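To start, the structure itself, in structure tokens.
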Amino acid sequence: MDRGGLMRGACLAVALAVVGGGALAHPHQYFDQQVALTLGTKRADISVVIIPSVDGAASLVSDLDADQDGQLSQPEANAFANDLLAGLSLMVDGAAVILPTPMLTLPPVEALSTGAAGIRLDVGVDLVLAERQDHSVTLAVAYDRYDHDWFIQPYLKPDFAALMGQVAITRSAAGDRATVEFRSKQP
């Protein structure tokens, strides 16, 4: 087989692994719970994603569907969003930051009940980070209604990365807390 054929074969194998084995890429017994914390110099954005496995999906839908009518109404979605938001805490330089009303994205019940889709909660908050000063930002998740395991991943926006010098990220052993500490660039 020529080199082009080998390359096409390798690309096909990778494509099949990505498409066909997507569910195996991030295995989880019942729920996959992740949080992205994106920091900029003037804003922090938090995205929480909860994806049930096939085994956990039916119980999640049943729990969210408080009136058991087979649909997720706006009041049911709001109750879930409020509970999840109450389990999030953001601290900047040791001071608690009040998180505003989040945006909740719920997939169709059919997709959620089979584990084919997940729930996403997005919330953003303005920050005031003084230049030429060291800072610490901590995000913690105390929401364990479906699973106690979380993965929190901090990301830095370009404006933040350009302003700051050394950055250290520490995570709790339980995965429910991540702290980003950074030093400002000295003049």
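The values are calculated or read from the model by the stated rules, or taken from the named source; none is laboratory data. This structure is a prediction, so every number in the text was calculated from the model and none was measured. When we count neighbours, we look across all protein chains shown, and the Cβ atoms used for this are built from the backbone with ideal geometry, even at glycine. Just the protein is used for accessible areas: all its heavy atoms, side chains included, with ligands, DNA and RNA removed. Shrake-Rupley method; radii C 1.70, N 1.55, O 1.52, S 1.80 Å.
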**Prompt:** From the residues in the stretch 178-187 that are within 17 Å of residue 41 (Cα to Cα) and open to solvent by less than 60 Å² (accessible area, probe 1.4 Å), which one is farthest from the chain's Cα centre (by Cα)?
**Reply:** 184
**Prompt:** When the residues of the stretch 98-120 are filtered to those that are surrounded by 15 or more Cβ atoms within 10 Å (Cβ to Cβ) and farther than 14 Å from residue 51 by Cα, which remaining residue is nearest to the chain's Cα centre (by Cα)?
**Reply:** 102
**Item:** Residue selected from the stretch 68-90 under the condition outside any helix (DSSP H, G or I) and of a type outside the set (S, T, N, Q), by the criterion nearest to residue 108 (Cα to Cα)
**Value:** 72
**Request:** Inspect the stretch 117-134 for any residue being under 30 Å from residue 64 (Cβ atoms), touching a Phe, Trp or Tyr at 6+ places or on another chain (Cβ under 6 Å) and modelled with pLDDT under 95 and give the result as yes or no.
**Result:** no
**Prompt:** Using beta carbons and a limit of 6 Å, which pairs, at least six apart or on different chains, have the first residue in the stretch 78-98 and in contact (Cβ under 8 Å) with a residue 40 or more places away in the chain and the second one open to solvent by 40 Å² or more (accessible area, probe 1.4 Å)?
**Reply:** 81/104; 87/142
**Request:** Report yes if some residue within the stretch 43-50 is touching an Asp or Glu at 6+ places or on another chain (Cβ under 6 Å), more than 21 Å from residue 149 (Cβ to Cβ), touching a residue at least 12 places away in the same chain (Cβ under 8 Å) and in a loop (DSSP other than H, G, I, E, B); otherwise report no.
**Result:** no
